[in-house]
1. Return yes or no: is G196 open to solvent by 10 Å² or more (accessible area, probe 1.4 Å), within 14 Å of the ligand (Cβ to nearest atom) and not hydrophobic (A, V, I, L, M, F, W, C)?
2. Determine if the stretch 261-276 includes at least one residue that is touching a Lys or Arg at 6+ places or on another chain (Cβ under 7 Å), farther than 15 Å from V139 by Cα and either in contact (Cβ under 8 Å) with a residue 24 or more places away in the chain or not β-branched (V, I, T) (or both).
3. Give me the pairs: first residue in the stretch 55-68 and free of Cβ contacts under 8 Å to residues at least 60 places away in the same chain, second residue among the β-branched types (V, I, T) and crowded, with 21+ Cβ neighbours inside 10 Å, beta-carbon distance under 7 Å, and six or more apart or on different chains, which are they?
4. Residues that are among the charged types (D, E, K, R): which helices (runs of 4 or more DSSP H) entirely in the stretch 1-114 hold 1 or more of them?
5. For the stretch 253-262, does any single residue satisfy the condition of being among the aromatic types (F, W, Y) and part of a strand (DSSP E or B)?
6. Given the options W126, W146, name the one that is at pLDDT 95 or above, within 16 Å of the ligand (Cβ to nearest atom) and in a loop (DSSP other than H, G, I, E, B).
7. When you look at E136, is it of a type in the set (D, E) and in contact (Cβ under 8 Å) with a residue 40 or more places away in the chain, yes or no?
8. Answer yes if at least one residue in the stretch 175-191 is within 12 Å of the ligand (Cβ to nearest atom), open to solvent by less than 10 Å² (accessible area, probe 1.4 Å), outside any strand (DSSP E or B) and within 24 Å of K274 (Cβ to Cβ), and no otherwise.
Amino acid sequence: MPMKESQWIWFDGEFVPWGEAKVHVLAHALHYGSSVFEGIRAYETSQGTAIFRLEPHVTRLFNSAKIARMPVPFTPEQVTEAIAETVRRNNLRACYIRPLIFRGYEVLGVDPRRCPVHTVIAAFEWGTYLGSEALEQGVDVGVSSWRRMAPDTFPAMAKIGGDYVNSQFMVMEARDRGFVEAIALDVYGYVSEGSGENVFVVQNGIIYTPPLGASILGGITRDSAITIARDLGYEVREQLIPREMLYIADEMFFTGTAAEITPIRSVDGQIIGKGCRGPVTARIQEQFFGITQGKLPDRYGWLYYV
Ligand code: PMP
């Protein structure tokens, strides 16, 4: 789905028109992936536009920058306020927000540290990521021939631009094979995650998801789903998952800011459970969308009204 342009982009502390938010072609990030970013959603609720879990997103952004050794020229409070202001300035209701901090133009050596650090925030209207029927019907996925990064190669816990080269290979291969998304294994062969989603497996009423050590990004939707599931009385185990456990799962689902909570109905052509959204997934979705749409009480303080 193409991006729907909005009016203003926040660029190093000022709003510039969407079409004028430009960088030099020799910007370091363009050549070496030297950027960190976030993907955040705002929802339209009956009480107005609310950004979902803004604080942990800003914290993760600054943690990614720390891991990337990128000094951010703004404080977390300034970035938080700038994100809210970007949504307001563009008169957006439900939208996707993309803060990006990157190394600009100065030198082209691989060491980025002489290059200036720029901060941008874009926000624009965006629908469901994997298709709206996907939230009900589920998606067909395949295990990727590409693995997630080994722990001593790229930092999986950081949302660094360069890490997404791996995600691109995963999703391109999946779509060429007729799947909506991929699930990659980690370097040891255990289930890791999708190209932009964490993965959950339900078996005999217990919910399983790979641990942080399985080369995953610590998803904020993952954390939300775990919180909701435990409150609903489910046992959630963060543990290593062998590939074959997927094929015999009762239910599976993805979590992610873009994908929200999307059921998985088949893996490698093998039907998962009854081949449609299962009851545990449905209960977690109901709570998640109830809170994000403002229909259920915001009992965890997840909404930041702009
Ligand atoms: N894994 C990867 C690789 C991702 O890019 C994302 C999207 N940020 C996720 C998991 C899900 O994280 P979140 O729920 O915070 O969006």
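The values are calculated or read from the model by the stated rules, or taken from the named source; none is laboratory data. In this text the structure is predicted, and so the values were computed from the model without any measurement. Virtual Cβ from ideal backbone geometry, glycine too; neighbours counted across all protein chains shown. Surface accessibility is based on the protein's heavy atoms, side chains included, excluding ligands, DNA and RNA. Shrake-Rupley method; radii C 1.70, N 1.55, O 1.52, S 1.80 Å.
1. Criteria met by G196.
2. no
3. Short answer, once both residue conditions are applied: V58/V79; A65/V36; A65/I101.
4. In the stretch 1-114, the matching helices (runs of 4 or more DSSP H) lie at 54-67, 76-89.
5. There is at least one residue in the stretch 253-262 that is among the aromatic types (F, W, Y) and part of a strand (DSSP E or B).
6. W146
7. yes
8. Checked the stretch 175-191: no residue is within 12 Å of the ligand (Cβ to nearest atom), open to solvent by less than 10 Å² (accessible area, probe 1.4 Å), outside any strand (DSSP E or B) and within 24 Å of K274 (Cβ to Cβ).
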